[in-house]
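Any read-out appearing in this document is the output of simple, stated calculations on the displayed coordinates, not a laboratory observation. Since this is a predicted model, take the numbers as computed values, not measurements. Positions of Cβ are backbone-derived with ideal geometry, glycine not excepted, and every protein chain shown enters the neighbour counts.
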Amino acid sequence: MILVFKYILPKRYDGLTLWPLIILKENKLKLDTVLINHERIHLRQQLELLIVFFYLWYLIEWFVGIIRFRNAVKAYRNISFEKEAYAHETDLDYLDHRPVYSFLKYLF
């Protein structure tokens, strides 16, 4: 389900996935197939890790990245879940052939 909340997302973000929702900043973003695909990849990742473990893993990777890179944006871009989603967001058929736990190859 896709919801639009203009004021809930930080300035730099257009979308956010909180199982089972995709939250967008603006209604017109519903038409952005690349963004929606990126967020749907996150939904699949969340399912694979039974939702709670996804968020724990995500936060751990982000905190490790903050220590490693000393930069929040760089830490975010180096989270394995984000690397996979950015790498395949333009492949609109990716989820049809995506192997389970594919984010693991982006871990290191």
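Of note:
- Candidate set: the range 14-35, residues that are surrounded by fewer than 18 Cβ atoms within 10 Å (Cβ to Cβ) and out of contact with any strand residue (DSSP E or B) (no Cβ under 7 Å at 6 or more places or on another chain); chosen: the one nearest to D91 (Cα to Cα): V34
- Members of the range 68-93 found to be small (G, A, S) and out of contact with any Leu (no Cβ under 9 Å at 6 or more places or on another chain), listed by number: A72, A75, A85, A87
- Of all residues in the range 66-98, those that are under 23 Å from L35 (Cβ atoms) and in a loop (DSSP other than H, G, I, E, B) total 8.
- For beta carbons closer than 6 Å, sequence separation of 6+ or different chains, a first residue in the range 62-84 that is under 10 Å from L107 (Cα atoms) and a second that is of a type in the set (A, V, I, L, M, F, W, C) and assigned to a helix (DSSP H, G or I), the qualifying pairs are I79/W62; S80/F103; F81/F103; E84/F103.
- Residues that are aromatic (F, W, Y) and farther than 17 Å from R12 by Cα do not occur anywhere in the range 82-92.
- Yes/no for L29 being more than 12 Å from the chain's Cα centre (by Cα), outside any helix (DSSP H, G or I) and not basic (K, R): no
- Residue check, K6 surrounded by fewer than 18 Cβ atoms within 10 Å (Cβ to Cβ), part of a loop (DSSP other than H, G, I, E, B) and among the charged types (D, E, K, R): yes
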